[in-house]
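Beneath this line is the structure, given in structure tokens, with notes to follow.
The values are calculated or read from the model by the stated rules, or taken from the named source; none is laboratory data. Quantities reported herein were computed from a predicted structural model and do not represent experimental measurements. Because the Cβ atoms are built from the backbone with ideal geometry, glycine has one as well, and the counts that use them run over all protein chains shown. Ligands, DNA and RNA are stripped out before the accessible areas are found, and what is left, the full protein with its side chains, is counted by its heavy atoms. Shrake-Rupley method; radii C 1.70, N 1.55, O 1.52, S 1.80 Å.
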Amino acid sequence: DIAGKNAVIETMVYISQANPAAKESVLTYLAKFIDDCEFTFLLKRVLCLLGEEGPSSANPKQFIRYICNHVSLESPIVRAVAVTTLAKFAAQVPELRANITVLLKRAMSDPDDEVRDRAVFY
């Protein structure tokens, strides 16, 4: 249920804040966690967290696949958040910028206006 999954996410975030050495493991866990998550609120929460913390991780490239899954497989609002998350990686990780730009260009043909607008904006 959503309350249980939210509790897991909140606990993982707390662990990463209390123990910075655990940040990489927590981000990886959460990226995998949302692959099977059906709750929009939780997907958005984790994608936003990945956008804030992922670019400064030791291996930011590892998160791109998980984020991309949500650009193409989810509801419009989740796709829009995933586009924003990708843009944050592109802005902060120069070596990923070219590949992410290709992904953002694909999102420009999304059927949803918000997703397209975000892709064009970034």
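Quick check on Arg65: is it under 13 Å from the mean Cα position of the chain (by Cα), open to solvent by 70 Å² or more (accessible area, probe 1.4 Å) and charged (D, E, K, R)?
Working: under 13 Å from the mean Cα position of the chain (by Cα): yes; open to solvent by 70 Å² or more (accessible area, probe 1.4 Å): yes; charged (D, E, K, R): yes.
Answer is yes for this residue.
List, please: which pairs have Cβ atoms under 8 Å, are six or more places apart or on different chains, and start with a residue in the range 70-97 that is under 14 Å from Gly54 (Cα atoms) and end with one that is open to solvent by less than 70 Å² (accessible area, probe 1.4 Å) and of a type in the set (S, T, N, Q)?
What qualifies is Ala90/Thr101.
Between Ala3, Ala18, Ala91, Ala22, which is more than 19 Å from Asp110 (Cα to Cα) and touching a helix residue (DSSP H, G or I) at 6+ places or on another chain (Cβ under 7 Å)? Walk me through it before giving the result.
On the way: Ala3 fails: touching a helix residue (DSSP H, G or I) at 6+ places or on another chain (Cβ under 7 Å); Ala18 fails: touching a helix residue (DSSP H, G or I) at 6+ places or on another chain (Cβ under 7 Å); Ala91 fails: touching a helix residue (DSSP H, G or I) at 6+ places or on another chain (Cβ under 7 Å).
Answer to the check: Ala22.
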